[in-house]
Amino acid sequence: MTIADPRFVAEAVLATGKVLPFDDIGCLVAWLATNERPVKAVWVAAFADQQWLPAAEASYLRTDSLRTPMASGLIAARTAAETDSLRARLGGIPMSWDEIASLPSPHGSPHTP
């Protein structure tokens with residue numbers, strides 16, 4: 001898969017060690033909802049510096065101010081304070097991993113890497 005913009009990337013690491021890259025956090029979330037393979041780890045890139053974060057530990061912002069590659073509008077941050085700062089600039093709704101993991105897929109079905 002071609003990564004269009006590293007500010008929005010995510011990945012799943014399968015139990016086999018295979019890494020599946022996603023160009024949008026929303027695609028990862030949609031894939032996880034339908035995946036049946038054992039997943040060892042899930043990572044997202046922080047919007048500000050593209051450093052990898054464990055998905056469950058990141059803070060998220062859903063905003064219409066940015067065009068994410070697959071139109072989810074989801075970006076990750078290291079902390080809730082960083083998310084608040086991004087929200088002040090971009091608008092949007094702060095979310096947790098559990099909240100975004102329960103979102104319906106904006107495209108009906110996820111694309112698989």
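The values are calculated or read from the model by the stated rules, or taken from the named source; none is laboratory data. Small disclaimer: the values here were computed from a predicted structure and weren't measured. Heads up, the Cβs are rebuilt from the backbone with ideal geometry, glycines too, and the neighbour counts pull from every protein chain shown.
Restricting the search to the range 1-35, which residues are among the hydroxyl-bearing types (Ser, Thr, Tyr) and either at pLDDT 95 or above or assigned to a strand (DSSP E or B) (or both)? Outline the logic, then answer.
Just the residues of the range 1-35 that are among the hydroxyl-bearing types (Ser, Thr, Tyr), to begin with: 2, 16, 34.
Result: 16, single match.
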With the checklist (1) touching a residue at least 12 places away in the same chain (Cβ under 8 Å); (2) out of contact with any strand residue (DSSP E or B) (no Cβ under 7 Å at 6 or more places or on another chain) in hand, flag the one item residue 67 doesn't pass.
(1)
Taking first residues from the range 18-40 that are of a type in the set (Lys, Arg) and second residues anywhere that are assigned to a helix (DSSP H, G or I) and crowded, with 16+ Cβ neighbours inside 10 Å, the pairs with Cβ under 8 Å that are 6 or more apart or on different chains are none
Could you run through the range 81-97 and say how many residues are within 15 Å of residue 53 (Cα to Cα) and in a helix (DSSP H, G or I)?
3
Taking the range 73-109 as the region of interest, how many residues are buried (at least 18 other Cβ atoms within 10 Å of the Cβ) and at pLDDT below 95?
1
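Going by the conditions given, is residue 61 touching a Gly at 6+ places or on another chain (Cβ under 9 Å) and assigned to a strand (DSSP E or B)? Full working, then the answer.
Working: touching a Gly at 6+ places or on another chain (Cβ under 9 Å): yes; assigned to a strand (DSSP E or B): yes.
In short, yes.
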Has the range 20-34 got at least one residue that is surrounded by fewer than 22 Cβ atoms within 10 Å (Cβ to Cβ), in contact with a strand residue (DSSP E or B) (Cβ under 8 Å, 6 or more places away or on another chain), closer than 19 Å to residue 104 by Cβ and not aromatic (Phe, Trp, Tyr)?
yes
